[in-house]
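Quick notes on the structure that follows.
What follows is calculated from the coordinates using simple rules that are stated; it is not laboratory data. Since the model is a prediction, treat every value here as computed from it, not as a measurement. All Cβ positions, glycine included, derive from the backbone under ideal geometry; neighbour counts span all protein chains shown.
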Amino acid sequence: MRISIVLGTRPEIIKFSPIVHECERHGLDCFILHTGQHYSYNMDRVFFEQLELPEAKHNLDVGSGTHAEQTGKMLMGIEKVLLEEKPSVVLVEGDTNTVLAGALAAVKLHIKVGHVEAGLRSYDWEMPEEINRVLTDQCSDLLFAPTEKSRRILLGEGISEEKTFVTGNTVVDAVYQNLEISKRKVNVLGRLGLYPKDFFLVTVHRQENVDDRERFRGIVEGLEMIEERFGLPVVYPVHPRAEKQMEAFGIESKGLRLIDPLDYLSFLQLESSARLVLTDSGGVQEETCVLGVPCVTLRYNTERPETLDVGSNVLAGADPAVIVEKSELMLGKRNAWANPFGDGRAGERIVQILRNKFD
Ligand code: UD1
Ligand code: UDP
């Protein structure tokens, strides 16, 4: 069996790390094909170094562009590598353009596709991620659903039962494998002069939020109101897309502590110590749920409804007054929910399923 792991962005590198390490543990023939969708040091290389991942065997250096440009270049590059390498299976994880390109290039070459994090749905067709999810699931031969809920969604869309597996989400594996290390190895709290449970942490980068001037302004205003109301620092590691849009829209922020994107261990330390996290990130909604930290999601929907069901997360959208109201609500919550995303052994399960099928 030869496994090709196709990845290209920050969350894919982090969430694939448990699978890569599990493949290494079994001495499997596995290589990384990096599309180069993310390429800045702090969005890419830092995670390979910190998570001790092997170098990508191929890097397509596709970089940024419109959706069609980016996806088209990836398709051409991935096809070429797959024809040369002839893997038994291509693995993709999540919902980025890299994921769709990897799945589509492979299925057209009749190479089996495994989709990790299958069956998530926001039912919001305006989101590029939703289009990528639905199409990737349709292309896939093995659908690794993180929860029973996501598996049922797949079955409801006509995907056959034999193709679906409930494995948990590898985000839990990554958190469990790195939380202690993050406490030992980094001191971002000290570096930023922060105290545990005495600050708010923010991430905002989604296209529907930061590419829309009014929406982005509304979110920044809501965050500034929180800083004033609760008198705690609001720390925001700014994703490069958000940085670019802030500049383009002339959005300035008085109260927020804007910092560069963080490495994973530092981010995990901040996230696990925050009083409350406000985000539009998929991975951060999951991680806060695993870490027992309350989360306010700056969106009107989520493809992670399990977090709403257990009460770790609430939707606030982009209206400043609602952001304040929902933050207040979450600050009063007891953080005693059960993590619905698995036991931290999703990577093991996925690799075992692959070995049963292809070895
Ligand atoms: C992508 C994913 C999104 C995911 C996010 C994770 C798609 C459609 N979107 O969004 O689902 O949540 O990654 O972080 O695939 N840029 C840099 N350096 C980089 C990468 C990007 O400066 O290393 C800047 C460029 O100005 C670029 C912009 O960020 O134009 C957006 O990058 P892009 O890859 O198009 O999408 P993301 O917003 O990162
Ligand atoms: N993350 C990080 N540094 C940061 C912000 C986030 O390492 O400054 C990690 C976070 O722990 C999570 C992942 O990046 O594992 C989430 O990625 P992102 O929000 O970019 O994408 P999404 O999950 O929304 O697709």
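Segment Glu157..Ala68, full-extension length gain: 29.4 nm, with 0.36 nm per residue of separation and the alpha-carbon distance subtracted. Annotation: for a label point projected 7 angstrom from Cα along Cα→Cβ of Lys197, residues of region 236-276 with backbone N closer than 19 Å are 269-276.
When you count the other C-beta atoms within 10 angstrom of each residue and take the mean per peptide, 40-49, 166-175 line up highest first as 166-175, 40-49. The order of the peptides 108-119, 243-254 by mean Cβ neighbours within 10 Å, most packed first, is 108-119, 243-254. I need to check one value: relative contact order of the chain, counting alpha carbon pairs closer than 8 Å and at least 6 residues apart, in percent. Computed value for the chain: 16 percent relative contact order. Taking amide H as placed 1.01 Å from N in the peptide plane, the amide H of Val113 sits under 5 Å from that of Val90, Asp141, Leu142, each at least 5 places away or on another chain.
Figure legend: label point modelled 7 angstrom from the Cα of Asn301 along Cα→Cβ; residues of region 116-144 with amide N under 13 Å from it are 120-134.
For the chain, Cys139, Cys289, Cys295 have no disulfide-compatible partner, since no other Cys C-beta lies under 4.7 Å from theirs.
Among Gly342, Gly218, Gly190, whose mean-square fluctuation peaks in a Gaussian network model of the chain (Cα, cutoff 10 Å)? It is Gly190. A simple spin-label model places pseudo-atoms 7 Å from Cα toward Cβ; at Ile131 and Asp260 they are separated by 3.3 nm. Label-to-label distance for Glu214 and Ser40 is 2.8 nm, based on points extended 7 Å past Cα in the beta-carbon direction.
Would you kindly state how much longer the chain becomes between Glu224 and Glu325 on full extension, computed as 0.36 nm times their sequence separation minus their alpha carbon distance, in nm to one decimal?
Extending this stretch completely gives an extra 35.0 nm.
This model, with +1 at the C-beta of Lys and Arg and -1 at the C-beta of Asp and Glu, gives the chain a dipole about its Cα centre of some 540 debye. If the chain linking Asp29 and Ile251 were pulled fully straight, counting 0.36 nm for each residue of separation and taking away their Cα-Cα distance, it would gain 75.1 nm. Comparing Arg191, Arg349, Arg121 in a Gaussian network model of the chain, where Cα atoms under 10 Å apart are tied by springs, the biggest mean-square fluctuation is seen for Arg191. As a proxy for reagent exposure, ranking Val107, Val284 by other Cβ atoms within 10 Å from fewest up yields Val107, Val284. Take the Cα of Glu52, step 7 Å along the line toward its Cβ, and report every residue of region 1-42 whose backbone nitrogen sits under 13 Å from that point. It comes to 18, 21-22, 24-25, nothing else.
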